[in-house]
Structure formats: C-alpha cells, structure tokens
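Reading through the structure tokens given below for one structure.
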Amino acid sequence: MAASKTVTMDEVGALPVWVDPATAGDLLGMSRTFVYTLLDADAFPAPAYKVGRQWRIPTAGILAHLGLQPLTWVCCGCGARRDQHQEVDLGRT
C-alpha cells in the first residue's frame, strides 16, 4: 500500500465543498484503492454520493469524521467558504 500524502491545515481550508476519492483518501490517510473498496462496499466512514460514474464526498463529512470543528472559513452554515459566499443583507441586526 502506498503512503498517503500529508495534508496541511492550509490545504484543508482551501478544499472545495466536494472532493474526489483520492483527495478523501489523502485526508483520511487511506490509499486510493482502499477508499474505492470502502465506497463499493458502502462502508466509507463519511457520507459519499455516486453521481453518474463518479464519487463525490462532502468535505464537511470528512472533517466531521476526523472530529474537526467547523473552520473559520465557514460563514453562515451553508457549507460555502466565506470568500465564495455572497452574503445577503436580510435587514436583520
């Protein structure tokens, strides 16, 4: 089994809302092959969705599995990073 890549917190903060199985494996310290084995067995430790022939894994699910609290880049709970979210003023104070 090949060693997985070490991921820094800066890289975690730059992740998109969804990741592919290889990136999920890097985050969880798993090889790509093992990730696909778990996905095919419906045993992956975080939510995962098959879209057509590709897997999509929500970054928030992986972070929750790792026990990480929401990072400062989460603005309103919608899952978007603050720099990707256009906040709407609803007249609330």
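A short reminder: the numbers here are calculations on the coordinates, not readings from a lab. Model, not experiment: these values are computed from the prediction. Cβ sites come from the backbone with ideal geometry, for glycine too, and all protein chains shown count toward neighbours.
If Lys and Arg each add +1 and Asp and Glu each add -1, what is the summed charge of the other residues whose beta carbon sits under 11 Å from the beta carbon of ALA48?
-1
Please list, ordered by chain and number, the residues whose modelled amide H lies under 5 Å from the amide H of TRP18; skip anything fewer than 5 residues away on the same chain.
THR59
Starting at the first residue of the stretch 21-29, write each ³J(HN,Hα) from the Karplus equation 6.51 cos²θ - 1.76 cosθ + 1.60 with θ = phi - 60°, in whole Hz, x for Gly and Pro.
Calculated HN-Hα couplings, in order: x, 5, 5, 4, x, 4, 5, 9, x Hz.
Taking H placed 1.01 Å from N in the peptide plane, check which residues at least 5 places from SER31 or on another chain put their amide H under 5 Å from its amide H.
Counting only residues 5 or more places away or on other chains, the set is empty.
Let me test this: with uniform point scatterers at the alpha carbons of the stretch 13-59, what is the Debye-based log₁₀ I(q)/I(0) at q = 0.14, 0.16 1/Å?
Log-scaled intensity ratios, in q order: -0.28, -0.36.
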